[in-house]
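Let me begin by presenting the structure, written as structure tokens, before commenting on it.
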Amino acid sequence: MTQEDNFIKAYELHAANLREAVSVNKAVVFDALAAANITSVTVEFDGEGASGGIEYVSASCGDTRIELPAGSVPCHRAHFGDDVSVPTQQTLREAVEGLCYDCLDQEHGGWENNDGAFGTFTFNVAARTIELEFNGRYTDVSVSTHEF
């Protein structure tokens, strides 16, 4: 097996572990949010030049902004190179942020590189859905050639 084949196999395993972690963590996060009477969560991210991160997390009960509760929830983390996702305990805020990072990795791996990207996750607790508004940045070049 070539080095490229090994990498492809490792990447496919990571992608499968990531899908599993997102599925498990999504259920855990929504259960915890519902138990805390939270109706929505908004998470904003931004990054470029090989770095980036979560900039803002806000939870609401209806129109009233509230804090995420303290305490921990059981989550899974998918690390590249591991055979399976790893169980861990995290605060609800860490679990929300981790879920967002995993969704970004799953759908837009490398989102923070080069010109980067920014966007917003919106968690609708009643519908148990996460909407991602993703804004990828890119550099555009306009080329003209002239002969006189």
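The values are calculated or read from the model by the stated rules, or taken from the named source; none is laboratory data. On a predicted model such as this, the values are computed, not experimentally measured, just so you know. Here the Cβ positions follow ideal geometry from the backbone for every residue, glycine too, while neighbour counts run over all protein chains shown. SASA here: full protein model, heavy atoms, side chains in, ligands and nucleic acids out. Shrake-Rupley method; radii C 1.70, N 1.55, O 1.52, S 1.80 Å.
Inspect all residues belonging to the range 86-99 and state whether any of them is within 25 Å of E20 (Cα to Cα) and part of a loop (DSSP other than H, G, I, E, B). Spell out how you get there, then give the answer.
Keep residues of the range 86-99 that are within 25 Å of E20 (Cα to Cα), which gives 86-99.
Right, trim to part of a loop (DSSP other than H, G, I, E, B) and you get none.
Looking through the range 86-99, none of the residues is within 25 Å of E20 (Cα to Cα) and part of a loop (DSSP other than H, G, I, E, B).
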Could you give every pair whose Cβ atoms fall below 8 Å, whose first residue belongs to the range 61-88 and is touching a residue at least 60 places away in the same chain (Cβ under 8 Å) and of a type in the set (A, V, I, L, M), and whose second residue is open to solvent by less than 50 Å² (accessible area, probe 1.4 Å) and not in a strand (DSSP E or B), counting only separations of at least 6 or pairs across chains?
A78/H14; A78/N17; A78/L18; A78/A21; A78/S85; A78/D102; V84/N17
Give the residues of the range 108-131 that are out of contact with any strand residue (DSSP E or B) (no Cβ under 7 Å at 6 or more places or on another chain), open to solvent by 50 Å² or more (accessible area, probe 1.4 Å) and free of Cβ contacts under 8 Å to residues at least 40 places away in the same chain, sorted by residue number.
G109, A127, T129
A59 vs (1) open to solvent by 30 Å² or more (accessible area, probe 1.4 Å); (2) in a strand (DSSP E or B): all pass except (1)
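Mind counting the residues in the range 18-37 that are outside any helix (DSSP H, G or I) and surrounded by 20 or more Cβ atoms within 10 Å (Cβ to Cβ)?
0
Here's the yes/no breakdown for (1) at pLDDT 95 or above; (2) farther than 30 Å from N6 by Cα; (3) touching an Asp or Glu at 6+ places or on another chain (Cβ under 6 Å):
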{"residue": "A70", "(1), (2), (3)": "no, yes, no"}
{"residue": "P74", "(1), (2), (3)": "yes, yes, no"}
{"residue": "F80", "(1), (2), (3)": "no, no, no"}
{"residue": "V84", "(1), (2), (3)": "no, no, no"}
{"residue": "Y101", "(1), (2), (3)": "yes, no, no"}
{"residue": "L104", "(1), (2), (3)": "yes, no, no"}
{"residue": "W111", "(1), (2), (3)": "no, no, no"}
{"residue": "L132", "(1), (2), (3)": "yes, yes, no"}
Working only within the range 70-90, note down all residues that are under 20 Å from A34 (Cβ atoms) and crowded, with 16+ Cβ neighbours inside 10 Å.
V73, C75, H76, Q90
Residue within the range 62-74 that is under 22 Å from H108 (Cβ atoms) and part of a loop (DSSP other than H, G, I, E, B) present
no
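Got a number for residues in the range 38-53 being surrounded by 14 or more Cβ atoms within 10 Å (Cβ to Cβ) and either within 20 Å of D105 (Cα to Cα) or among the aromatic types (F, W, Y) (or both)? First the steps, then the outcome.
First, pick out the residues of the range 38-53 that are surrounded by 14 or more Cβ atoms within 10 Å (Cβ to Cβ): 38-48, 52.
Filter once more, keeping what is either within 20 Å of D105 (Cα to Cα) or among the aromatic types (F, W, Y) (or both): 41-48, 52.
Total satisfying the criteria: 9.
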For a quick check of your reading of the model, give me the residue pairs whose first member lies in the range 132-145 and is open to solvent by 100 Å² or more (accessible area, probe 1.4 Å), whose second is part of a strand (DSSP E or B), with beta-carbon atoms closer than 9 Å and at least 6 apart or on different chains.
E133/G119; E133/T120; E133/F121; E133/T122
